[in-house]
Amino acid sequence: MMFKTHLAFGFLVGLFLIQLFNPSNQILFITLVVIASVLPDIDHPDSKIGKNIKIIGYLFEHRGFFHSVFAIILFTFPVYYFLKSYILGFAVLAGYASHLIADCISIKGIMPLHPISRLKIRGFIRTNSSIEYLIFISLIILDVIKLIRL
């Protein structure tokens, strides 16, 4: 999926979770969800986030470890531990998971248990295709509707 699709989906997930958890700092909560929603692509040297930390893209295969459930723990636990907040830790978990869920429907898919297993979950949508653009536009519309109804 494209960077902007991950942002739009992460934002939508964050909006639903704000209603569910009612965090004391909603701006920090939604910011963590959205940042975490693009974080898995740190393993691609040409991605918006990976091009700033190219070494990770050279050391790890794209859609390998950083697209696994183990990476969710790697990023979630420090947020919980240092900020002493289950809610903010969950914001990172939810944003990161939203990225993995979105990539599951792409043709390239993900290996959710990498490096233990190379089993792939994949869908039928090509990244940067007209179908993804329709999904992106739909997500933006849903984001706006959800914002209006908050």
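The values are calculated or read from the model by the stated rules, or taken from the named source; none is laboratory data. Since the structure is predicted, the reported quantities are computational estimates derived from the model, not experimental observations. A quick note on method: Cβ atoms are made from the backbone with ideal geometry, for glycine too, and the neighbour counts reach across all protein chains shown.
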Does Ser85 fit the bill of being more than 14 Å from the chain's Cα centre (by Cα) and either surrounded by 18 or more Cβ atoms within 10 Å (Cβ to Cβ) or of a type in the set (Gly, Ala, Ser) (or both)?
-> yes
Counting only residues in the stretch 1-29 that are without any contact (Cβ under 8 Å) to a residue 24 or more places away in the chain and of a type in the set (A, V, I, L, M), the one farthest from Phe75 (Cα to Cα) is identified as Leu20
Residue satisfying condition, being under 21 Å from Ala8 (Cα atoms) and modelled with pLDDT under 90, within set Ile101, Ile49 | Ile49
Considering the stretch 126-150 alone, what residues qualify as being among the hydroxyl-bearing types (Ser, Thr, Tyr) and part of a helix (DSSP H, G or I)?
-> Ser130, Tyr133, Ser138
Among the residues of the stretch 38-79 satisfying the criterion of being touching a Leu at 6+ places or on another chain (Cβ under 7 Å) and not β-branched (Val, Ile, Thr), which is surrounded by the most Cβ atoms within 10 Å (Cβ to Cβ)?
-> Pro40
Residue list for the stretch 42-66, filter: part of a helix (DSSP H, G or I), within 28 Å of Gln26 (Cβ to Cβ) and in contact (Cβ under 8 Å) with a residue 12 or more places away in the chain | Ile42, Phe66
State all residues of the stretch 102-121 that are in contact (Cβ under 8 Å) with a residue 12 or more places away in the chain, in a loop (DSSP other than H, G, I, E, B), in contact with a strand residue (DSSP E or B) (Cβ under 9 Å, 6 or more places away or on another chain) and closer than 17 Å to Phe66 by Cβ; if no residue qualifies, say none.
-> Gly109, Met111, Pro112
Taking the stretch 19-30 only, how many residues are in a loop (DSSP other than H, G, I, E, B) and within 20 Å of Phe9 (Cα to Cα)?
-> 2
Give the residue, chosen from Lys120, Lys146, that is more than 17 Å from the chain's Cα centre (by Cα) and surrounded by 16 or more Cβ atoms within 10 Å (Cβ to Cβ).
-> Lys146
Restricting attention to the stretch 18-33, which residues are touching a helix residue (DSSP H, G or I) at 6+ places or on another chain (Cβ under 6 Å), surrounded by fewer than 21 Cβ atoms within 10 Å (Cβ to Cβ) and not aromatic (Phe, Trp, Tyr)?
-> Ile18, Pro23, Gln26, Ile30
Using the structure shown, decide if Val38 is touching a Ser or Thr at 6+ places or on another chain (Cβ under 9 Å), in a helix (DSSP H, G or I), under 30 Å from Ile145 (Cβ atoms) and not aromatic (Phe, Trp, Tyr).
-> yes
Considering each of Val33, Val79 in turn, give the residue that is in a helix (DSSP H, G or I) and under 24 Å from Phe136 (Cα atoms).
-> Val33
